[in-house]
Amino acid sequence: MTMQDEIRQGYKQTEVGVIPEDWEVKPLPTTLDFIGGKAHEQHIKAYGDFVVVNSKFISTEGQVAKYSDSNFCQARRGDILMVMSDLPNGKALAKCFVVDEDQKYAVNQRICILRPRNADSKFFFYQLNRNPYFMAFDDGVQQTHLLNGVFRVCPVIVPPTIEEQRAIAAALSDADALIAALEGMIAKKRDLKQAAMQHLLTGKTRLPGFSGEWEVKRLGDHVRFLKNGTLSRAQLMIDAPVKYLHYGDIHGSASLWLNPKSSGMPCVNPESVSSLDRLEHGDLIFADASEDLDGVGKSIEIVDYAATEVVSGLHTIAARFDKEVLADGFKAYLQFMPPFRDHLKSMAAGTKVLATNRKHIVSAILALPEPSEQTAIAEVLSDMDADLAALEAQAAKARAVKQGMMQELLTGRVRLV
């Protein structure tokens, strides 16, 4: 059977893949005019009429310019703006933006205008934005460039009517609106959680049923440190009886808790770690090194380990606190308590890497609520974490659905009525 035989009826093979028979593949200039931007730095003021569009826009709004003449590149409503120059492996190259109004944007030399002719801007925005075709052009030096000639030969898929283009763009815009709404809800929830932590973890706000002064304690009087391993990640295995917590897994974790039973973790054979302490429910594991100040004190709390054997590995500090001083479930929030966080940051040492050690932890002195209040605080904050996780899962699903829609709609595999 030939490839042509495998193509379903009503479709044809082209250089960009299988598309409907009534769709065409055309060089970009037959559908969109290419207009290069112009240098305009001398016009940038603290005030002005035009938002400056540079390689950071589609990035950074707020920089404005005042022009005394008309010798600049001005975008029109419906224009597609594309970043033509970015650092190697940058995330802005070929990123697009659709202009929403006239006489608002001035376009610099690192940006081009793609101006549709009898075509729908949003459809071609979705087709061209970060398109793999553009990602292949790298000059191998300090910058990745899209030269004018690239656009002359760039193939674009063109549905036969502007009505179909608009229908596809509308469907994808609806998907974007859902994603934006979810991301807005996530941002709001994060702000609420941050405010809750600032109040609950400092005692500024007390939960119902709790009162009285928090007791000041020195953490070193209530902790036992566990022996950790020194194996590098290259020495670890995919499958073995003992799970091995590497410091990179702490920095890379989006959660404050780790369930070794259900988490994908590197492993080791028991004989390689026979001298190490096994972690238990409630143990708090710190990463002892961070490349930035925000990562100092990053830690995760072990939960529901069941019968899973797990050890603490390279560049970690495993701490087992007295449960009558720090309640299970609350320990994970210790890193957000201002006195503890600020203490570790003030003592972090290093140039390229900031280090935390056991002495830094034991010397921390802070006011703590009673364990019952700690548990109540942890329940409130963990409920907020669960809400956030649910929203983030919805947003991830919405992004995946949109990606699937783009693959189907922009190639005509699915036609809209």
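May I ask you to verify whether residue 300 is crowded, with 18+ Cβ neighbours inside 10 Å and assigned to a helix (DSSP H, G or I)?
For residue 300, the condition - crowded, with 18+ Cβ neighbours inside 10 Å and assigned to a helix (DSSP H, G or I) - is not met.
Given the conditions (1) in a helix (DSSP H, G or I); (2) surrounded by 15 or more Cβ atoms within 10 Å (Cβ to Cβ), and given that residue 203 satisfies all but one, which numbered condition is not satisfied?
Residue 203 satisfies all of (1) in a helix (DSSP H, G or I); (2) surrounded by 15 or more Cβ atoms within 10 Å (Cβ to Cβ) except (1).
Inspect all residues belonging to the range 139-158 and state whether any of them is at pLDDT 95 or above and either part of a loop (DSSP other than H, G, I, E, B) or out of contact with any strand residue (DSSP E or B) (no Cβ under 8 Å at 6 or more places or on another chain) (or both).
No; the residues of the range 139-158 include none that is at pLDDT 95 or above and either part of a loop (DSSP other than H, G, I, E, B) or out of contact with any strand residue (DSSP E or B) (no Cβ under 8 Å at 6 or more places or on another chain) (or both).
Residue by residue, here is whether (1) hydroxyl-bearing (Ser, Thr, Tyr); (2) outside any helix (DSSP H, G or I); (3) within 20 Å of residue 217 (Cα to Cα) holds:
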| residue | (1), (2), (3) |
| --- | --- |
| 261 | no, yes, no |
| 264 | no, yes, no |
| 282 | no, yes, yes |
| 294 | no, no, no |
| 325 | no, yes, yes |
| 341 | no, no, yes |
| 346 | yes, no, yes |
| 360 | no, no, yes |
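Please find, among 170, 195, 181, the residue that is surrounded by fewer than 18 Cβ atoms within 10 Å (Cβ to Cβ) and within 18 Å of the chain's Cα centre (by Cα).
From the options 170, 195, 181, the qualifying one is 181.
Answer yes or no as to whether residue 130 is surrounded by fewer than 17 Cβ atoms within 10 Å (Cβ to Cβ) and at pLDDT 90 or above.
Considered against the rule, which asks whether it is surrounded by fewer than 17 Cβ atoms within 10 Å (Cβ to Cβ) and at pLDDT 90 or above, residue 130 comes out as no.
Which of the residues spanning the range 97-122 are modelled with pLDDT of 90 or more and not in a loop (DSSP other than H, G, I, E, B)?
Correct list: 97, 98, 112, 113, 114, 115, 116, 121, 122.
With the checklist (1) under 27 Å from the mean Cα position of the chain (by Cα); (2) among the small types (Gly, Ala, Ser); (3) surrounded by 13 or more Cβ atoms within 10 Å (Cβ to Cβ) in hand, flag the one item residue 220 doesn't pass.
It is condition (1) that residue 220 fails.
Only one of (1) out of contact with any helix residue (DSSP H, G or I) (no Cβ under 8 Å at 6 or more places or on another chain); (2) within 30 Å of residue 390 (Cα to Cα); (3) not charged (D, E, K, R) fails for residue 179. Which number is that?
So residue 179 meets the others, but not (1).
Restricting attention to the range 342-360, report how many residues are buried (at least 18 other Cβ atoms within 10 Å of the Cβ) and of a type outside the set (A, V, I, L, M).
So the answer is 3.
Does the range 169-182 contain any residue that is modelled with pLDDT of 90 or more and of a type in the set (Val, Ile, Thr)?
Looking through the range 169-182, at least one residue is modelled with pLDDT of 90 or more and of a type in the set (Val, Ile, Thr).
Note down all Cβ pairs under 7 Å where the first residue falls in the range 382-398 and is outside the structural domain of residue 253 (by TED's automatic domain parsing), the second is loosely packed, with under 15 Cβ neighbours inside 10 Å and of a type in the set (Val, Ile, Thr), and they're at least six residues apart or on different chains.
Final answer for the pair search is none.
Which one of these is within 17 Å of residue 356 (Cβ to Cβ) and either of a type in the set (Gly, Ala, Ser) or free of Cβ contacts under 8 Å to residues at least 40 places away in the same chain (or both): 297, 282, 264?
Matching residue, one of 297, 282, 264: 297.
Can you tell me which residues in the range 6-35 are within 24 Å of residue 77 (Cα to Cα), under 33 Å from the mean Cα position of the chain (by Cα) and either at pLDDT below 90 or not in a strand (DSSP E or B) (or both)?
If the condition is that a residue be within 24 Å of residue 77 (Cα to Cα), under 33 Å from the mean Cα position of the chain (by Cα) and either at pLDDT below 90 or not in a strand (DSSP E or B) (or both), then 28 is the only one that fits.
What pairs come out if I take residues in the range 98-126 that are at positive phi and pair them with residues that are not in a loop (DSSP other than H, G, I, E, B) whose C-beta lies under 9 Å away, six or more apart or interchain?
These pairs meet every condition: 103/50; 103/74; 118/162.
Kindly evaluate residue 372 against the criterion of being among the hydroxyl-bearing types (Ser, Thr, Tyr), part of a helix (DSSP H, G or I) and within 26 Å of the chain's Cα centre (by Cα).
no
Consider only pairs whose beta carbons are under 8 Å apart and that are at least six residues apart or on different chains; among these, list those whose first residue lies in the range 5-27 and is of a type in the set (Ser, Thr, Tyr) and whose second residue is surrounded by 13 or more Cβ atoms within 10 Å (Cβ to Cβ).
Filtered contacts from the range 5-27: 11/18; 11/19; 11/20; 11/412; 14/25.
The values are calculated or read from the model by the stated rules, or taken from the named source; none is laboratory data. Nothing here was measured: the structure is a model prediction, and the numbers come from that model. Reconstructed Cβ throughout: ideal geometry from the backbone, glycine too, with neighbour counts over all protein chains shown.
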